[in-house]
Amino acid sequence: MFDELTGPPPGLVKRRVTVRQIAEKAQLSVATVDRVINGRTTVRRGTALRVQSAAHALGYQFTVPMRVRIDEAPQAIKCVFLLQRRASSFYQHLAEELQQTAQRDPLQGVQVTIQHMDDYLEPAKVADTLRSVQGQVDAVAVVATESNTVSDAIDILAEQQIPVLALLSDLSSPKLAGYAGINNRMAGRTAAWAIARCANRPGKLGVLIGSHGYIGQEEREIGFRSYFREKGLEFKVLEPAVCLDDPEIAYKQTLELLQATDELTGIYNVGGGASGVLRAIEEKKPSRKLAYVCHELTPVTRAGLSAGTIDLVLAHDVPALARSAVKMLVDLKTTPPGRKQSLIVPFTIYTSENI
């Protein structure tokens, strides 16, 4: 069975564009582009779309419709998502939504594989995982900390035309194909806005961060501090304590914060480990209510909102993030490489009244 991919809409001025220019733009061989443009044979849809996209970008108008082979069982685009801790309820939810996205829309022709990395804070192991997917997948999404070794692995995949998407936290690699997640600086400022209103008095504010290697978490902290600095409020934001997104470490650090000063009026948990912070607050039972803001709606943070221990949760819209990330990987694979793309997914604000 065949279908036809026609040229640009009527009225587009045809410019003198060579086959070689289109081949360079699409990053395909001249012979392949020639077959597509002149209709000499049938080609796969993905190849035809790359040629069509490149040709349109250069202003070329097709005179012969492209005949695209639609196989009885079309070859799916293989996408792997390299997520973090398997035990995390947030990552379990995200993995489920990614799988369901592929199942709900089979016409996208995408096959989603999930791989959890429990050693996600060790850049060398993350880089090894990235390199290990060579020759097995068509596109990759990864949650990782900033590192030269990770950037080098991304460069290797990019050279093989395997686009890499940074998920949840951006990366600075020049060969990174895109980023999908929330506006983290805005999230940090929203957390500051909430604590400024929920704290019953000015005072010191504790900050727990998973790792300074996460660009996303760094951006949240920057946004949090900038809000208080710009508004001139009488709060003092303390230096962040690194908890590695580990509930047990977060528990110990929160206890230290509570024991170190009576002037603590609020806590912002930038990353994971929210259950540890909750446990410390419930055990210590501060004489005055603490304002507490954290990220991601999980069974633990939902219970904290209901109990009044957490004032506000900033959460990814996980189904929307999954749909956007899968679509973005497919688009990155089926169109010629270009500038890095960013897809910002709005975050959701939860309080005890809307969970």
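The values are calculated or read from the model by the stated rules, or taken from the named source; none is laboratory data. Just so it is clear, the structure is predicted and the values come from calculations on it, not from any experiment. Side chains are part of the model used for accessible areas, which takes the heavy atoms of the whole protein and leaves out ligands, DNA and RNA. Shrake-Rupley method; radii C 1.70, N 1.55, O 1.52, S 1.80 Å.
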Query raised in the report: In terms of the ratio Rg/(2.2 N^0.38 Å) built on C-alpha atoms, what value belongs to segment 117-234?
Result: 1.30
Query raised in the report: Ignoring ligands, DNA and RNA, what percent of the 1.4 Å accessible area of the chain is carbon and sulfur?
Result: 49
Query - log10 of Debye I(q)/I(0), alpha-carbon scatterers only, for the chain at 0.06, 0.07, 0.08 Å⁻¹ - result: -0.29, -0.38, -0.48
Report task. Let me know the Rg and Dmax you get for segment 106-180 when you use only its Cα atoms, in Å. Result -> 11.8, 37
Query raised in the report: Which links in K204/K289; K78/K327; K252/K285; K125/K327; K252/K284 stretch past 18 Å when you go from one Cα to the other?
Result: K125/K327
**Report entry** Heavy-atom accessible area per residue - the chain, 1.4 Å, Å²
**Finding:** 48
Query raised in the report: Can you list the residues, at least 5 places off or on another chain, whose amide H is less than 5 Å from the amide H of K204, using H built in the peptide plane?
Result: K236, L264, T265
Report task. Please give the length that would be gained between R302 and E239 if that part of the chain were fully extended, namely 0.36 nm times their separation in residues minus their C-alpha to C-alpha distance (nm, one decimal). Result -> 19.9 nm
Query raised in the report: What do you get for Rg/Rh over segment 184-297 if you use C-alpha atoms and the Kirkwood form of Rh?
Result: 0.93
